[in-house]
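> Have a look at the structure that comes next, please.
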Amino acid sequence: MALALMSPNRTVLLIADDALFIYSVTARAARFIDAVAWGADDFVRTVELLLRKECGGKPVLILNDMTDQYFKGGQRLPNVGMMDKQGVLKRKLQVAFPNYPIRGALQIKQKKGERPAPGTDKAASARVAGDLYLFAGVPMAEPLVKTFEAVKASMVAVAGFTLLPVEASDMVRALSVKLAAKERRPSEWAIFIGQHQSGALRQVVTRNGQLAMTRITGVAAPDGDYNAWAMDVYQEFKATLGYLSRYGYGGDDTTDLMVVATPEASDALERLVDVPCHYTSFTANEAARLLGMTIGVQENAGFADALHAAWCGRKSKFILKMDAAELTRIHQPRQAAAAVIFMLLAGTAYLAWDTASGMQSMLAAQSEISEQKRILGQVQAEYDQEVKRLEEMGFDVKLIQAGLNTFQSLETARMDVVTLLKKISDGLGNELRIDKITVNDLAYNQAKQSAVDLTRLRDAAVAAANGQELQSNVETTIHMSFPQTITPEEGRKQIDDLERRLKSILPTSIVWIEKNVGSKDYTETTSGEVGANKSLTAEELDMKAEIRITGPLS
Amino acid sequence: MIKLIGAKRLMIILVLAGLCAVLAGVSFGLIKPEQDAAKRQLSALKSDISFKTTETARFRQEMAEIQSEKNTFQSLQSVGFLGEQSRLEARKRIEAIQSYSRVLSARYNIGPGVISNVETATEADQVLMTTEIKIDLDALDDADVYKFISLMENAFIGHVSVTSFELQRVLDLNEVTLRQIGSGIPAVLVKAKLVLNWKTLLSRQQAALIGAGTVAAEGM
């Protein structure tokens with residue numbers, strides 16, 4: 001009840017023995033609307049109109065305060081699995097109240113000692129092993145039929161069908177705790193006595209916060225004669241104590257006695273109470289304040305039914321919601337419709353939000369587009385200005401860039417044959433001469449590239465180790481021959497010297513002797529003729545050499 | 001069912017369902033496409049602005065560079081790098097180079113022009129025309145051949161690069177050849193074979209007009 005403002009608005013239909021009492025419960029008040037006697041002409045139509053017009057079509061909570069409600073305590077369920085529990089409970093309820101179509105079961109919290117201890121015999125364990133329930137049953141009396149008819153005709157939603165004593169038990173506990181405050185522990189037994197407008201005196205007895213007993217009896221309202229009223233109430237209270245002794249109540253047990261009454265009636269009653277107890281009396285408004293709620297101005301604050309209506313009507317979860325098939329038939333379609341409406345509302349809200357945010361986003365984008373167009377206009381003007389300036393120079397900027405860049409890239413890829421020939425010429429010196437030289441740019445003459453041999457690989461590895469970058473873009477072949485006037489050894493020496501010089505002049509190239517003078521050739525057949533007038537020709541003497549150079553473009 | 005839930009609830013459900021449908025239609029049918037279109041337009045605008053801003057900055061930065069590159073570009077223009085490859089002009093130029101380099105003869109073969117796209121010229125809508133020229137040279141001295149090559153590379157039209165070169169000594173300089181030279185008979189001591197690539201830039205429109213075929217981008 002702390003979040004009073006968040007509590008639901010409901011119409012509470014308090015079903016008494018002689019009439020239906022209608023309360024409109026909001027966060028601020030529990031307003032009595034009307035009482036319609038069961039025998040009233042056109043009962044259903046009257047209640048229907050009250051529910052729709054006076055109560056604004058709020059969901060109704062049916063709170064049964066009739067005498068005809070029956071309880072069977074101490075109903076223990078056998079130990080069954082979770083899946084079977086509901087079925088067993090339903091069957092037990094049916095057995096307990098075979099003729100009462102409105103039924104409910106409330107699980108009772110058990111003390112630790114009530115559970116079977118390990119090691120106890122099986123029979124004893126079975127007796128106390130299952131959960132303990134309080135069964136409740138209500139016969140389908142004519143007032144209920146009429147009430148259901150009215151609810152059905154009014155088209156209002158149904159919050160539930162509950163029993164006033166059960167739903168009031170936590171209120172009694174809350175009052176007991178509040179009254180005890182920090183000064184003492186709340187009493188084990190708490191007795192709440194309140195008279196309703198119908199004249200019925202409802203007594204709700206709780207033990208450790210759980211409903212222990214309830215009684216409803218007829219008592220005349222204190223119409224000026226408070227002593228007579230007090231005497232009647234006291235008699236009923238004594239009778240209740242008498243019943244309580246059957247449930248373990250001892251005369252010396254600490255008890256909270258809470259009475260809703262006017263101060264005058266309360267004084268008269270207090271004088272009569274002679275049993276040891278913490279007696280507290282308050283008006284309905286005072287009790288509501290103690291519970292942290294407001295019930296608004298009441299015509300007679302000595303009646304407790306507005307307090308019950310406010311307490312039960314604002315509950316978000318009921319202690320025992322009775323299962324009434326007739327009411328379910330009315331309630332379920334409306335609940336489904338309410339769920340559909342809620343989902344549609346949520347969907348509408350989401351779509352509205354999505355549409356609104358989409359619109360907002362689109363408008364923002366449109367605004368940004370306008371801004372970007374304006375910026376583009378400025379940028380375009382600057383761009384055009386720069387292009388114009390460049391055009392005024394008499395040149396096509398892109399053509400200049402294209403021309404220069406392309407020419408530069410062509411130059412980078414050009415084989416510098418003249419420089420290469422000049423370097424080779426320097427390497428040859430004045431003594432040596434070549435028979436033939438070929439220079440190929442391998443980018444255009446892949447087929448002319450000679451096979452890689454081990455020597456070249458070795459040279460490449462050595463050069464790489466020296467930090468030189470070797471490129472094989474150009475391949476040069478030098479063919480040389482020596483006159484027969486020199487020995488092959490001399491020729492080989494000169495070729496070896498030439499190789500060294502070329503390597504020195506062309507450090508980024510690989511230079512190797514493909515064939516040296518008089519080299520041993522084991523791969524080809526050697527043939528010739530010697531004898532009269534026959535001597536070794538220059539070719540037979542093998543005075544030819546071949547040097548290859550692989551290197552960069554320039 | 002309607003009797004149980006009531007006409008009012010039914011109306012509310014229908015109205016809400018209708019409202020949901022209308023809102024969904026507006027949201028997904030109208031706003032979302034418009035939103036996407038606006039986003040695309042905005043993205044295109046931003047991209048355009050970015051490009052123009054970058055280009056403007058580049059133009060400004062390159063203005064000074066272009067001033068200095070102007071002379072180089074003019075040189076390229078003057079050597080005929082930007083333009084078609086006139087075969088007649090090429091013949092005249094080879095003749096002049098032959099004469100100046102003193103090679104005894106130069107037999108040339110100018111191949112067909114081949115058009116290719118190059119990355120550096122795409123933006124200016126220019127393409128590269130490449131022509132292979134094969135030349136067989138007869139010379140008295142290999143130095144004349146080198147001079148011929150040097151002149152081809154530096155005094156020919158556009159850009160010329162040697163892709164293959166072969167030089168062979170065909171006669172030794174001895175008494176016989178000296179006498180031959182002395183008597184005025186040209187003696188061919190060396191022969192050379194040259195393969196060159198002749199390249200110029202020309203507009204795509206020019207290339208289309210002269211009917212040269214386009215091939216894939218060249219690696220150069």
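FYI, it's all coordinate maths here, none of it is from the lab. Not measured: the values here are computed from a predicted model. So basically every Cβ, Gly included, is an ideal-geometry build from the backbone, and we count neighbours across all protein chains shown.
> Which value in nm describes the separation of the simple spin-label points at B:Val170 and B:Arg87, placed 7 Å from the Cα toward the beta carbon?
Placing both labels 7 Å beyond Cα along the Cβ direction yields 2.6 nm.
> Give the aspartates and glutamates whose C-alpha is closer than 14 Å to that of A:Lys58, dropping any in the same chain fewer than 8 places away, or say none.
In chain and number order, the partners are A:Glu48.
> Contact order normalised by length for chain A, with contacts defined as Cα pairs under 8 Å and 6 or more residues apart; what percent is it? Could the numbers behind the result be given before it?
On the way: 841 pairs, mean separation 68.2, N = 554.
Taking the mean separation of contacting Cα pairs over the length of chain A, I get 12 percent.
> Given charges of +1 on the Cβ of Lys and Arg and -1 on the Cβ of Asp and Glu, with all other atoms neutral, how large is the dipole of the stretch B:110-176 about its Cα centre, in debye to the nearest 20? Can you show the working numbers first?
On the way: 3 positive and 13 negative charges, 30 e Å.
Here the size comes out at about 140 debye.
> Let me ask something else about it. As an exercise, identify the GluC sites (Glu not before Pro) in the stretch A:153-219 lying in DSSP coil whose Cβ has no more than 11 other Cβ atoms within 10 Å. Display every interim value, and only then the final one.
Values: sites: A:Glu167, A:Glu183, A:Glu188; in loops: A:Glu183, A:Glu188.
Sites meeting the loop and neighbour criteria: A:Glu183.
> Another question, if that's okay. Can you give the average number of partner chain beta-carbon atoms within 10 Å of each beta-carbon in peptide B:126-134, as a whole number?
On the way: counts 5, 0, 4, 0, 1, 0, 1, 0, 0.
That average works out to 1.
> Scanning chain A for helices, which whole DSSP H stretches are 15 Å or more long along the axis (Cα) and average 0.0 or more by Kyte-Doolittle? List each step's numbers first, then the result.
Values: long enough: A:82-96 (21 Å, -0.37); A:142-154 (18 Å, 0.05); A:164-180 (24 Å, 0.75); A:226-244 (26 Å, -0.10); A:325-392 (96 Å, -0.19); A:397-412 (22 Å, 0.26); A:417-428 (16 Å, 0.92); A:454-465 (16 Å, 0.63); A:488-505 (25 Å, -1.58).
Span-like helices here: A:142-154, A:164-180, A:397-412, A:417-428, A:454-465.
> What Kirkwood Rh does the stretch A:1-106 have if only Cα atoms enter the pairwise 1/r average? Answer in Å.
On the way: mean 1/r = 0.0600 Å⁻¹.
The Cα-based Kirkwood calculation yields 16.7 Å.
> Highest mean first, how do A:147-153, A:513-519 rank when packing is the count of other Cβ atoms within 10 Å averaged over residues? Write down the numbers at each step before the final one.
On the way: A:147-153: 21.7, A:513-519: 18.0.
Ranked from most to least packed, the peptides come out as A:147-153, A:513-519.
> Follow-up. Are any of the pairs A:Lys72/A:Lys109; A:Lys544/B:Lys134; A:Lys109/A:Lys146; A:Lys238/A:Lys321; A:Lys182/A:Lys321 more than 27 Å apart by Cα-Cα distance, and if so, which?
Numbers: A:Lys72/A:Lys109 15 Å; A:Lys544/B:Lys134 29 Å; A:Lys109/A:Lys146 36 Å; A:Lys238/A:Lys321 31 Å; A:Lys182/A:Lys321 33 Å.
Distance filter (> 27 Å) returns A:Lys544/B:Lys134; A:Lys109/A:Lys146; A:Lys238/A:Lys321; A:Lys182/A:Lys321.
> With 36 Å as the cut-off, how large is the P(r) tail for chain A, expressed as percent of Cα-Cα pairs? Don't skip to the answer; put the middle values down first.
Working: 94527 of 153181 pairs.
Taking all Cα-Cα pairs of chain A, the fraction more than 36 Å apart is 62 percent.
> Still on this structure, I have one more. In the calculated pair distance distribution of the stretch B:3-54, what percentage of Cα-Cα distances lie above 12 Å?
Numbers: 968 of 1326 pairs.
For the stretch B:3-54, the fraction of Cα-Cα distances above 12 Å is 73 percent.
> In addition: Quick one: Cα convex hull volume of the stretch A:318-456, Å³ per residue? Walk me through the numbers on the way to the answer.
Numbers: hull volume 64.7 nm³, N = 139.
Measuring per residue, one finds 465 Å³ for the Cα hull of the stretch A:318-456.
> When N is the residue count of the stretch B:1-134, what does its C-alpha Rg come to as a fraction of 2.2 N^0.38 Å? Write down the numbers at each step before the final one.
On the way: Rg = 35.6 Å, N = 134, 2.2 N^0.38 = 14.1 Å.
Taking N as the residue count of the stretch B:1-134, the ratio is 2.52.
> Dividing the alpha-carbon Rg of the stretch A:195-293 by 2.2 N^0.38 Å yields what?
Ratio of Cα Rg to 2.2 N^0.38 Å: 1.06.
> Same structure, new question: Considering the convex hull of the alpha carbon atoms of the stretch A:235-333, report its projected area averaged over all viewing directions, in nm², one decimal.
Numbers: hull surface 37.8 nm².
For the stretch A:235-333, averaging the hull's shadow over all directions gives 9.5 nm².
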